[in-house]
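Asker: One structure, pasted below without further comment.
The values are calculated or read from the model by the stated rules, or taken from the named source; none is laboratory data. Note that the coordinates shown come from a computational prediction; the quantities given were computed from them, not determined experimentally. Neighbour counts are summed over all protein chains in view; Cβ atoms, including those assigned to glycine, are modelled from backbone coordinates with ideal geometry.
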Amino acid sequence: MSLSEQLFERAKRVMPGGVNSPVRAFNAVGGAPKFIQKAQGAVITDEDGVSYLDFVNSWGPMILGHGDPAVRQAVEQAVREGLSFGAATRREVEMAELICEAVQPIEMARMVNSGTEAVMSALRLARGFTGREKLIKFAGCYHGHCDSMLVKAGSGALTNGAPDSAGVTKGAAQDTLLAEYNDLHSVEALLDQYPNQVAAIIVEPVGANMGVVLPEAGFLPGLRRLCDKHGALLIFDEVITGFRLAFGGAVEYFGVEPDLVCYGKIIGGGMPVGAYGGRREIMSCVSPLGAVYQAGTLSGNPVAMAAGLANLTQLRNRPEIYQYINRLGEKLAQGLRQALPGCAVNQIGSLVCAFFTPGPVTDFASAKQSDVDRYAAYFRYMLANGVYLAPAQFEAMFVSRAHTEADIDQTVQLARRAPGGVTRVGLR
Ligand code: HOZ
């Protein structure tokens, strides 16, 4: 038994499914999860000393790759100064300034500890600001595990067959209205059906938790227009796209201004963190300025802020990093399109996803057409040959600055020989 397998046996006795986040259990792809001991650059190494080219990248935040020297140095310095004070610090001011500078519509931001917290808080704020109760979300979009968002949710909820989670009360879910991604008519119909009742439309500007699903031209501007017409707020969940598609995230990339933006791990360079922000008028409703309560001892934690600042500052100062990772993302997608015939490969910037269906994949329904057993066979082959992909179809591949052209070539070559690959068509 490998050390990973031994750890998994121990873990299953004391942790649900042996993991602290469902997708890590490898239920969707089979086999025991790899227990990761360390990572450097584009490579992660498991407890058995086996190394893999990493396309998970902690689900997004390692845009610079693992173990970036400046991030490590900043964390070491912060640790020497103190782990947590539960009091205001310089670094959280710098982080809020950086976010406001990066993303035009954000005039004020509040730090929290995860994307889930950011979304939960932004939704409460939208309701407090508008005095309305209903929310529109899109089938297949994942916004963390707060109750009102666990309705037709993507990511691990979808992978594990629980897009509508047990334990969510009717009361918590009844104000969540479901629309179809890339379908403005479905949004408009809900706004018409519930006049003056919708507080906010929340969307992943790029769907990245049902695989990667791109917004069609006109979809995001259309949401902006509908929000303006009906007096609802537009919330971008940029947990995946923030600071990745561009320094200003999807807001900059698509040129559409939401009212509120949510961030998670992406602003922490690998540390647990999140933030939400928006126009001053709206953010002024947050306590202690306003009546919408939200708080947290670890919010703005100095070590998390240090890691995030070191990460984001490099991204701000070196725009060529975006050109590089976006070019590699495109190269990877082009390679996979040839390597995996009959698969729809969606890509935007450094986010890539191969669906085992001819596609096109444009929404939740078309994403679910993917043959997840074929994905699992493909995943297992890639893993056995040293490439670590997301252990579920409905996730993204993340390219980082640490990946090289040769890494991409090697990955594509391997995919050609994998089950489903061009040299293995018909074999499983
Ligand atoms: N929700 C994450 C994927 N979109 C998975 C988190 C994790 O397992 O670390």
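Asker: Tell me, yes or no, whether the range 96-104 has at least one residue that is of a type in the set (Gly, Ala, Ser) and over 23 Å from Arg316 (Cβ atoms). Even if it seems obvious, please write down each step before you answer.
Answerer: First, the residues of the range 96-104 that are of a type in the set (Gly, Ala, Ser): 96, 102.
If we keep only those that are over 23 Å from Arg316 (Cβ atoms) as well, we get none.
The answer is no; no qualifying residue exists.
Asker: Of the conditions (1) charged (D, E, K, R); (2) more than 15 Å from Ala304 (Cβ to Cβ); (3) surrounded by fewer than 19 Cβ atoms within 10 Å (Cβ to Cβ), Arg72 clears all except one; give me its number.
Answerer: (2)
Asker: List the pairs whose first member sits in the range 114-139 and is more than 25 Å from Met271 (Cα to Cα), whose second member is in a helix (DSSP H, G or I) and among the charged types (D, E, K, R), and whose Cβ atoms are under 7 Å apart, counting only residues at least 6 apart or on separate chains?
Answerer: Close Cβ pairs satisfying both conditions: Glu133/Arg127.
Asker: Also, quick follow-up: Which of the residues spanning the range 383-401 are over 19 Å from Gly65 (Cα atoms), touching a helix residue (DSSP H, G or I) at 6+ places or on another chain (Cβ under 6 Å) and away from the ligand (no atom under 13 Å from the Cβ)?
Answerer: Listed by number, the list holds a single entry, Asn385.
Asker: Would you call Ala333 at pLDDT 95 or above, outside any loop (DSSP other than H, G, I, E, B) and over 20 Å from the mean Cα position of the chain (by Cα)?
Answerer: Values: at pLDDT 95 or above: yes; outside any loop (DSSP other than H, G, I, E, B): yes; over 20 Å from the mean Cα position of the chain (by Cα): no.
Against the criterion (at pLDDT 95 or above, outside any loop (DSSP other than H, G, I, E, B) and over 20 Å from the mean Cα position of the chain (by Cα)), Ala333 does not qualify.
Asker: Out of the residues in the range 166-194 that are among the small types (Gly, Ala, Ser), assigned to a helix (DSSP H, G or I) and farther than 17 Å from Leu223 by Cα, state the one that is farthest from the chain's Cα centre (by Cα). Steps first, please.
Answerer: Taking the range 166-194 first, the residues among the small types (Gly, Ala, Ser) are 166-167, 171-173, 179, 186, 189.
Retained after the next criterion (residues that are assigned to a helix (DSSP H, G or I)): 171-173, 186, 189.
Adding the requirement that they be farther than 17 Å from Leu223 by Cα leaves 171-173.
On the way: Gly171: 27, Ala172: 23, Ala173: 22 Å.
Of everything passing the filter in the range 166-194, Gly171 is farthest from the chain's Cα centre (by Cα).
Asker: Further question: Take the range 332-353 and flag every residue that is within 15 Å of Val412 (Cα to Cα), out of contact with any helix residue (DSSP H, G or I) (no Cβ under 9 Å at 6 or more places or on another chain) and surrounded by fewer than 22 Cβ atoms within 10 Å (Cβ to Cβ).
Answerer: Correct list: Arg337, Pro341.
Asker: Among the residues of the range 277-287, are any of a type in the set (Val, Ile, Thr) and within 20 Å of His66 (Cβ to Cβ)? Give the steps one after another, and end with the answer.
Answerer: Within the range 277-287, the subset of a type in the set (Val, Ile, Thr) is 282, 286.
Among the residues that remain, those that are also within 20 Å of His66 (Cβ to Cβ) are: none.
No; the residues of the range 277-287 include none that is of a type in the set (Val, Ile, Thr) and within 20 Å of His66 (Cβ to Cβ).
Asker: Could you run through the range 354-381 and say how many residues are surrounded by fewer than 24 Cβ atoms within 10 Å (Cβ to Cβ) and among the aliphatic types (A, V, I, L, M)?
Answerer: Qualifying residue count for the region: 4.
Asker: Tell me whether the range 290-297 contains one or more residues that are surrounded by fewer than 23 Cβ atoms within 10 Å (Cβ to Cβ) and part of a strand (DSSP E or B).
Answerer: Our first condition is that a residue be surrounded by fewer than 23 Cβ atoms within 10 Å (Cβ to Cβ); within the range 290-297, this holds for 290-297.
So of that shortlist, the ones also part of a strand (DSSP E or B) come out as 292.
Yes, because at least one residue in the range 290-297 is surrounded by fewer than 23 Cβ atoms within 10 Å (Cβ to Cβ) and part of a strand (DSSP E or B).
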